[in-house]
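The values are calculated or read from the model by the stated rules, or taken from the named source; none is laboratory data. Note that the structure is predicted; figures quoted are calculated from it, not measured. Here the Cβ positions follow ideal geometry from the backbone for every residue, glycine too, while neighbour counts run over all protein chains shown. What goes into the accessible areas is simple: the full protein's heavy atoms, side chains included, and nothing from ligands, DNA or RNA. Shrake-Rupley method; radii C 1.70, N 1.55, O 1.52, S 1.80 Å.
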Amino acid sequence: MEAYKVIEVKQSIFEDNDADAEKLRGELKAQKTFLVNLMSAPGSGKTTTLCQTISRLKDEMNIGVMEADIDSDVDAATIQNAGARAIQIHTGGMCHLDADMTRQGLHEFGTEDLDLVFLENVGNLVCPAEFDTGSSKNAMILSVPEGDDKPLKYPLMFSVCDVVLINKCDTLPVFTEFSKEAVEERIHKLNPNAIVIFVSAKTGEGFDEWTNWLRGQVSSWQSEAE
């Protein structure tokens, strides 16, 4: 009897996706479009954060947002009302986006005239962190009510992100057990290069630092493409 084979399908999937993601990054750089993959758990304030960001940057650059959800289009409508081009991506039950799905969304969206595009990934702290979408940078949002222990529970998510926004800081007087020092230490233990910014999408706290980072990244990305 012939010996059976063991095929590592998951590894193959990741390798194929990584190659596709790198190709997509090159395509985006060639057209000078900076793509941010924004991840978080449901209810952390992704859409509200994007609306606050759009209001501060829409007069300086052309912005688009791809909203990824299992169903519904409420977020895309909210983003469009905030003043940015929006498209809704339905994942058909998938809990994440990969590079090919992102490319399909970008193709339908049309990004040639956009300086900054946000991909609001499906809301969870596990699957989206495993797949390279082809983004220029990864960002995530952790809200104060979720607790400062999330880096301990979901280390991969915090490891792959260039920026971590700690949102809903206006609730710190209520959630007194949340430690800004502890969460920052836990994030930097996993990812020493991560930029941690404490913000409130409701009040605008911390958004000067966040939007200044975005301005610098978009400028550098476009300069490198020349």
**OP:** Please find, within the stretch 134-155, the residue that is nearest to the chain's Cα centre (by Cα) out of those that are open to solvent by 10 Å² or more (accessible area, probe 1.4 Å) and closer than 23 Å to LYS23 by Cα.
**Re:** ASN138
Original post:
Quick check: anything in the stretch 87-98 of a type in the set (D, E, K, R), modelled with pLDDT of 95 or more and part of a loop (DSSP other than H, G, I, E, B)?
Top reply: no
Subject >> the stretch 204-216, subset open to solvent by less than 50 Å² (accessible area, probe 1.4 Å) and touching a residue at least 60 places away in the same chain (Cβ under 8 Å), residue farthest from the chain's Cα centre (by Cα) >> reply: GLY204
Original post:
So which helices (runs of 4 or more DSSP H) stay within the stretch 125-203 end to end and still have 1 or more residues that are hydroxyl-bearing (Ser, Thr, Tyr)?
Top reply: 155-159
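Return the only residue of PHE118, PHE158, PHE131 being open to solvent by 20 Å² or more (accessible area, probe 1.4 Å), on the phi < 0 side of the Ramachandran plot and of a type in the set (Phe, Trp, Tyr). Write out each step before concluding.
Values: PHE118 fails: open to solvent by 20 Å² or more (accessible area, probe 1.4 Å); PHE158 fails: open to solvent by 20 Å² or more (accessible area, probe 1.4 Å).
Going through PHE118, PHE158, PHE131 in turn, just one is open to solvent by 20 Å² or more (accessible area, probe 1.4 Å), on the phi < 0 side of the Ramachandran plot and of a type in the set (Phe, Trp, Tyr): PHE131.
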Subject >> Filter result (under 19 Å from HIS96 (Cα atoms), in a helix (DSSP H, G or I) and among the small types (Gly, Ala, Ser)) within the stretch 15-63 >> reply: ALA19, ALA21
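Output the residues belonging to the stretch 13-42 that are among the aliphatic types (A, V, I, L, M), open to solvent by 10 Å² or more (accessible area, probe 1.4 Å) and within 16 Å of the chain's Cα centre (by Cα). Break it down stepwise before answering.
Initial filter on the stretch 13-42 (among the aliphatic types (A, V, I, L, M)): 13, 19, 21, 24, 28, 30, 35-36, 38-39, 41.
Subsequent filtering for residues that are open to solvent by 10 Å² or more (accessible area, probe 1.4 Å) retains 13, 19, 30, 41.
Residue satisfying the conditions is ALA41 alone.
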Original post:
Scanning the stretch 90-114 for residues that are touching a helix residue (DSSP H, G or I) at 6+ places or on another chain (Cβ under 9 Å) and open to solvent by 20 Å² or more (accessible area, probe 1.4 Å), which turns out nearest to LYS32 (Cα to Cα)?
Top reply: ARG103
**OP:** Could you list all residues from the stretch 167-203 that are within 18 Å of the chain's Cα centre (by Cα) and among the basic types (Lys, Arg)?
**Re:** LYS168
Original post:
Residues of the stretch 62-86 being touching a Lys or Arg at 6+ places or on another chain (Cβ under 9 Å) and either at pLDDT below 85 or more than 24 Å from ALA129 (Cα to Cα) (or both), which ones?
Top reply: ASN62, ASP75, ALA82, GLY83, ALA84
